[in-house]
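No lab work stands behind these numbers, since they all come straight from the coordinates. Predicted, not measured: the structure shown is a model, and the values here were computed from it. Here the Cβ positions follow ideal geometry from the backbone for every residue, glycine too, while neighbour counts run over all protein chains shown.
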Amino acid sequence: MIQENIIQFETVFGTAPDFLAQAPGRLEILGNHTDYNEGFVLSMAVDRRTQISFKKIEGNRCQVFSPMMSDGVREFELDAISTPLPSKDWTNYVRGIVTELQKRDHKVGAFQALITSDIPLSAGMSSSASLEMALVTGIDTLFGFDLSTQEKAQVGQACENDYIGANTGLMDQLTSLSGKDGEMVVSEYRNISISHTPLPSELSFVVINSNVAHDLSQEYNERRQQCEDAVATIQKEHPEVQALRDVNLELLEAAKPSLAEYDHKRALHVVGENDRVHQAQSFLSAADYDAFGKLLFASHESSRLNFENSCPELDTLVEIAAASPLCLGARLSGGGFGGISIHLVRSTDAEAYCDHAIAAYTKATGKDTTAFICRSAQGAGIESYASASL
């Protein structure tokens, strides 16, 4: 893909790029909707990624192109992008990253960029954060800003929140930046800290796409508000509580009579997810993979009943997993309301499970689906043109 991207850049722009930036997508393993509640997440960067060839050019006009779109080379003036284009315009991500860098007094110059990706769109593998982190990594290198990992992630989050209009957390961006081969990312979102835990080689994650595209803006913002409303209610009796991270199950159940029904259910999911992240690390350390898998099933059940961010297609995929002796655990991954499910299997069973799950899903629903095996991968970085060229 690196070579193909560069060849397309030369064809479209008639010149060689300066370098190529890449950033992986991610799988959320456990910790669903916990990041904006200052909680904990277990995730991993995956071996599917966005790649962007960059070239610095003179003037004030940027040119961007993606062969995945049908609208040719798109252009914008650097001093005329403060207002987003209509919501479905893909260049809003490019314009939004540049705008957020400008807000931070980074002088972005003109550039050409060609964007490719093999991450499924609107599926829950964070193709958007992968694009944002490839963009900010490339622009940072192109103009010498020397941004920290946290700054890059926050630029991407601000693009999502303020330019795109999705009030998302920071997990997607941090995972895309911080991934390591053979390891999963453990992140917490009060102090914004990152650590890693091994992904045992005997385990693999199969990703199965429900093929239900999700647009998270409305549902995501609504769920986030309900979590914040739950905190506001609990704070009346417990002012030390600053976020759902500070709430345990005992405290939450004691506060239940004063909570709105939906606020309690959303909080119950988040509190449970934080606990499951901690339990997962213990089970992995003890090589208790069956117990780890059961956490995934429990997470999905909580998504289905408490956070209500599943859908019938995802539920069917998890039911197929629960009925198969080849699968240790499964759940929706990402924002939900469609997108992908992840299925924990032993690596020796991964190919057979893909075939089984696809056939079972088609039999149950009459619909087609796709399945592939995901491996953990290195985070965002730069490939020099010389090393990537043919």
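Quick notes on this one:
- Cα gyration tensor shape of the stretch 77-235, rounded if a/c is under 1.5, else prolate or oblate by comparing a/b with b/c: rounded
- Most simply put, the chain has about 95% antiparallel DSSP beta bridges, counting only bridges with both residues inside it.
- Between Leu121 and Lys103, full extension at 0.36 nm per residue minus the direct alpha carbon distance yields a gain of 3.7 nm.
- Percentage relative contact order, the chain, counting C-alpha pairs under 8 Å, at least six apart: 24 percent
- Too-long pairs where the Cα-Cα distance tops 28 Å, listed order kept, from Lys55/Lys103; Lys103/Lys265; Lys56/Lys103; Lys180/Lys294; Lys152/Lys180: Lys103/Lys265
- Taking the Cα centre of the stretch 101-227 as reference, the dipole from Cβ charges on Lys and Arg (+1) and Asp and Glu (-1) amounts to some 260 debye.
- Dipole of the chain [Lys/Arg +1, Asp/Glu -1 at C-beta], most positive-end residue of Val241, Thr11, Ser341: Thr11
- Nitroxide proxy distance, nm - points 7 Å out along Cα→Cβ at Asp290 and Asp229: 4.2 nm
- Ascending count of other beta-carbon atoms within 10 Å, so fewest first, for Cys311, Cys374: Cys311, Cys374
- Taking the fewest neighbouring Cβ atoms within 10 Å as the starting point, the ordered list for Ser82, Ser117, Ser176, Ser53 is Ser82, Ser117, Ser53, Ser176.
- Tensor-based shape of the stretch 77-167 (alpha-carbon gyration tensor, a/c under 1.5 rounded, otherwise prolate or oblate): rounded
- Directionally averaged projected area (convex hull, Cα atoms, the stretch 203-374), nm²: 10.5 nm²
- Global geometry of the stretch 203-268, whether rounded, prolate or oblate, following the gyration tensor of its Cα atoms and the 1.5 cut on a/c: prolate
- Once the Cα-Cα distance is subtracted from the 0.36 nm per residue extended length, the Leu249 to Met68 segment shows a gain of 60.6 nm.
- Computed extension gain for Glu219 through Glu319, at 0.36 nm per residue and net of the alpha carbon distance, reaches 33.6 nm.
- The ranking of Val345, Val277 from fewest to most other beta carbons within 10 Å of each one's beta carbon is Val277, Val345.
- Relative contact order, whole percent, for the stretch 203-374 stands at 34, derived from Cα pairs under 8 Å and 6 or more residues apart.
- The stretch 26-60 and the stretch 188-212: distance between their alpha carbon centers, rounded to Å: 12 Å
- Rounded to 10°, Cα long-axis angle of helix 312-323 versus longest principal axis of the chain: 60 degrees
- Coupling constants for the stretch 64-80 follow from the phi torsions by the Karplus curve (6.51 cos²θ - 1.76 cosθ + 1.60, θ = phi - 60°), and in residue order they are 10, 9, 9, x, 6, 10, 10, 10, x, 6, 9, 10, 8, 7, 5, 9, 9 Hz; glycine and proline get x.
- Label selected from (1) 42, 25, 19; (2) 34, 29, 17; (3) 35, 26, 19, the criterion being semi-axes √(5λ) of the Cα gyration tensor in Å as computed here: (3)
- Mean residue ellipticity (222 nm) of the chain, computed from DSSP H runs ≥ 4 via -39,500 (n - 2.57), nearest 500: -12500 deg cm²/dmol
- Mean Cβ count within 10 Å, highest first, over the residues of peptides 192-201, 3-12: 3-12, 192-201
- Given charges at Cβ of Lys, Arg, Asp, Glu: the stretch 203-374 dipole, positive-most of Leu296, Val231, Ile320: Ile320
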